[in-house]
Amino acid sequence: MININNAVQFQHLIWDRVMKHASVVVDATCGNGHDLLYLTERAKKGCHLYGIDIQMKAINSSQELLQSNDIAEDVSLTFIHDSHDHALANQLKDEIIDLMIFNLGYLPGGDHQVITKPHQTIDAIKEGLEKLSKSGVITIVAYPGTTEGAEEMQIVKSYLSDLEQKLYNVCHWYPMNQINNPPELFILQKR
């Protein structure tokens, strides 16, 4: 049973449903690889997963984690060392994406000065929306517990609030009775 007060765990309910049919999945902020591992373990035959991160330390950690686990041979992985906005615009320019995930903020165990930037995150979301399959999903976990995280979350929320309802379903999930500004989840689905 998942903890429904945890945004990272709660989004697994969405991912599990999408992964049953997903052909292309993008972890736009692969970090230490835990989300990517979760997704590869649920990937269908022939699924291609991309792990993107601006920090080589994150790419290396993700690769080590996935190599230490048994990943199905019929699932393919590509790691991209770049910012998520550039990677989506350049290396994934021709992909149709079924699921794209973001875990904003800084690399756990890494340099807290290296964080996702609101303008790059918005550009990456825009790129992702253009590549999203019909009924494709984007999940974004934002961390309002720091000044920078709260600012990025507000900018993302403002952008998502203005997306055209005829084209996208957009939801905002957050724990209501928790202290210390816990992570919040945004879910987008192409109509």
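The values are calculated or read from the model by the stated rules, or taken from the named source; none is laboratory data. These numbers were taken from a predicted model, which means no experiment stands behind them. Virtual Cβ from ideal backbone geometry, glycine too; neighbours counted across all protein chains shown. Ligands, DNA and RNA are stripped out before the accessible areas are found, and what is left, the full protein with its side chains, is counted by its heavy atoms. Shrake-Rupley method; radii C 1.70, N 1.55, O 1.52, S 1.80 Å.
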Quick one: what pairs do we get from the range 153-169, first residue more than 16 Å from G128 (Cα to Cα), second assigned to a helix (DSSP H, G or I) and of a type outside the set (G, A, S), C-beta under 6 Å, 6+ apart or different chains?
I155/P118
Quick check on my filter: what residues within the range 115-138 are farther than 28 Å from K20 by Cβ and not aliphatic (A, V, I, L, M)?
T116, K117, P118, H119, Q120, D123
From the options D35, D16, residue that is outside any loop (DSSP other than H, G, I, E, B), crowded, with 17+ Cβ neighbours inside 10 Å, charged (D, E, K, R) and modelled with pLDDT of 95 or more:
D35
Between a residue in the range 111-138 that is of a type in the set (S, T, N, Q) and any residue that is surrounded by fewer than 17 Cβ atoms within 10 Å (Cβ to Cβ) and at pLDDT 95 or above, which pairs come within a Cβ distance under 6 Å, given they are 6 or more apart or on different chains?
S133/I96
Residue list for the range 62-78, restricted to those being touching a strand residue (DSSP E or B) at 6+ places or on another chain (Cβ under 9 Å), open to solvent by 50 Å² or more (accessible area, probe 1.4 Å) and not in a helix (DSSP H, G or I)
L77
Condition (residue is within 17 Å of the chain's Cα centre (by Cα), touching a residue at least 24 places away in the same chain (Cβ under 8 Å) and over 14 Å from T40 (Cα atoms)) applied to the range 65-79: is it met by at least one residue?
no
A careful count of residues in the range 92-148 that are in a helix (DSSP H, G or I), surrounded by fewer than 22 Cβ atoms within 10 Å (Cβ to Cβ) and of a type outside the set (D, E, K, R) gives 6
Would you be able to tell me the number of residues in the range 149-178 that are in a strand (DSSP E or B) and out of contact with any Leu (no Cβ under 6 Å at 6 or more places or on another chain)?
3
Have a look at T40, T29 and point out the one that is free of Cβ contacts under 8 Å to residues at least 40 places away in the same chain and touching a strand residue (DSSP E or B) at 6+ places or on another chain (Cβ under 8 Å).
T40
